Amino acid sequence: MMKKEHKYIFVIGGVMSGVGKGVTTASIGKVLQANGYKVNLVKVDPYLNVDAGTMNPVEHGETFVLRSGLETDQDMGNYERFLGRDLPPENYVTSGMVYRDVIERERNLEYDGKCVEAIPHIRDEIVNRMERAAMVNGSQISVIEIGGTVGDFQNAMFIEAARLMKARNPHDVLFVMVTYLPIPPKVGEMKTKPTQNAIRQLNSYGVQPDFIIGRSEEYVDERRKGKIAEQCNIRTDHVISAPDIESIYDVPLNLEKDNFSGIILAQLGLKKKHKKADMEQWERFAHKAHNPKKEVRIAVVGKYFSSGDFVLSDVYISVIEALKFSAFALDAKPVLTWISSQDFESGKLKISELKKYDGVVVPGGFGTTGIEGILMAITYVREHTIPYLGLCYGMQLAVIEYARTVAGIKNATTREVDKGAEHLVINIMEDQKEKLEKKRYGGTMRLGVYPANLKKGSLARSIYRTDTVEERHRHRYEVNPKYVSLLEDAGLVFSGRSPDGTLMEIVELPKTIHPFFLATQFHPELQARPLDPHPLFTGFIKACLQS
């Protein structure tokens, strides 16, 4: 049964993909939270993958790791950033999860020998998951994004589950359609027909949207709002304009221009707890984002750049946002340049080009492509005292670079590149070897939050201002303990370690040698928030501004 008096808002896409359902869902959650309600955000992905961990980042975008270790869609990152809190694994649902659990129960005779079918069993499992997420979070309102676009075969079962929830509790469930209103250049006017057709297709599922959010290049004027309302059986003030904007963090503020939170709360039969949504801190953040006093130039050196600019923000979205949050807090605008490490290897780009930047970031990644080019970049920034921040693979490669060029360990490398090499300064964990031998790739890395103890007097300790931290991981390979003493003798500082001292979590150079050379085995970007920037990124940006 549905949690008593719990409210559900389902967000569905129309006309085409990529119209911003995830940001819209996060923004709805933000404005409702600003009205004093405890909000829960859920992402539904219709694919049959059990989680997002095995998908190619160039095709799918970033894999966002929750505190629990669950590998999820990048929209979960936006949800956490907008709400400013961690979300549990119950808030992420895929078709793969649903079908796997139903089939496992069928194998265990938990359906008492009944014929197990999509309806009711798959549908009911989806409903159960929506209700369980609400219970686990103790929330008052759930905003649930159904991935894909209306008309897709893959998401039809999720829409059917939402329809059933509405039928059972009509006053507790709302539907929001995020659609697109094109302005064809040769026509010169905003067209509503694609949206009308999308709504009618949604109607064929037995679902009528309560709100329509119109994405477009410009504001939706009153004439077209009226036309949509008339053709789609909806109130005019329930057609909300969502024009293109400079920053996704302006979306909640734009929604409030149409008093969206007040209208949606009234539709749910809920009172506004405040006369006006408490968006003061968010407004200050947005103001700083639009009014920087200076610029900081950062080169991001890595891979996954081969498919064009539109891919970059998806592959490294959490890194980008973490850099923004810290820069904005310091009244600066980050100007990012994406550099493919293969350009250094081929000679297409001279390594000395890096001297133009205030700092260099090497983000995470997998595989062997472009590794030598990244090592060239690390050598250059280390020798020329350019601030450096390495993340996951960026730490492993920093260790390899130092081992080769300073510690004198010739041909030092990682097992990921050459498992038969003599000097594997980066090796695989023993438990991971067995998993790889059995071809168990999905959900088997070191995932989720792990603690690390920080070395007194280190740069990391001065930045965090605490002795122990907890950060999220996603990797298989570690610094080989056999080489730690040798590297330390050569001047490398392992300033963060697992509580038992066996796993190296942070590596750095003393400030007497380099102003900021620090790399982490974990992914600090996953815990950066607009109103709570991550200290490591803030420390890096400070160093860049001083360079």
Inset, instruction - Please report the relative contact order for the stretch 7-284, taking Cα pairs under 8 Å with a sequence separation of at least 6, and give it as a percent rounded to a whole number. - result: 26
Legend entry - Shape box of the stretch 68-112 [Cα atoms, principal axes, largest first, Å]: 43, 15, 15
Inset, instruction - Report relative contact order for the chain in percent, whole number only (criteria: Cα-Cα under 8 Å, sequence separation at least 6). - result: 15
Inset, instruction - In Å³ and rounded to a whole number, note down the convex hull volume per residue for the Cα atoms of the stretch 342-474. - result: 141
Inset, instruction - Sorted from largest down, give the three principal axis spans of the alpha carbons of the stretch 270-387, whole angstrom values. - result: 62, 31, 20
Inset, instruction - Taking the chain as the reference, fit the longest principal axis to its C-alpha atoms, fit the long axis of helix 535-546 to the helix C-alpha atoms, and give the angle between the two in degrees, 0 to 90, nearest 10. - result: 60
Inset, instruction - Give the long-range amide H neighbours of PHE10: residues separated by 5 or more places, or on another chain, with amide H under 5 Å away, using H modelled in the peptide plane at 1.01 Å from N. - result: ILE144, LEU174, PHE175, VAL176
Legend entry - Average Cα contact separation per residue, the stretch 292-546, under 8 Å, 6 or more apart, as relative contact order %: 22
Inset, instruction - Can you pull a Stokes-Einstein diffusion coefficient for the stretch 7-284 at 10 °C (1.306 mPa s), Rh from Kirkwood over Cα pairs, as a whole number of µm²/s? - result: 82
Inset, instruction - Calculate the radius of gyration of the Cα atoms of the stretch 122-254 to one decimal place, then report Dmax, the largest Cα-Cα distance, as a whole number, both in Å. - result: 16.2, 51
Legend entry - Once the Cα gyration tensor of the stretch 16-168 is diagonalised, semi-axes √(5λ) in Å: 25, 18, 16
Legend entry - Counting all C-alpha pairs of the stretch 390-547, share separated by more than 27 Å (%): 23
Inset, instruction - Stick to the Cα atoms of the chain, pair each with every other, and give me the Kirkwood hydrodynamic radius in Å at one decimal. - result: 25.0
Legend entry - Violating pairs (Cα-Cα greater than 27 angstrom) within the set LYS293/LYS455; LYS30/LYS271; LYS7/LYS43; LYS43/LYS114: LYS293/LYS455; LYS43/LYS114
Legend entry - Alpha carbon convex hull of the stretch 202-296, volume per residue in cubic angstrom: 137
Legend entry - For the stretch 229-277, convex hull of alpha carbons as volume per residue, Å³: 89
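Bear in mind that the values in this text are calculations on the coordinates, not laboratory data. Quantities reported herein were computed from a predicted structural model and do not represent experimental measurements.
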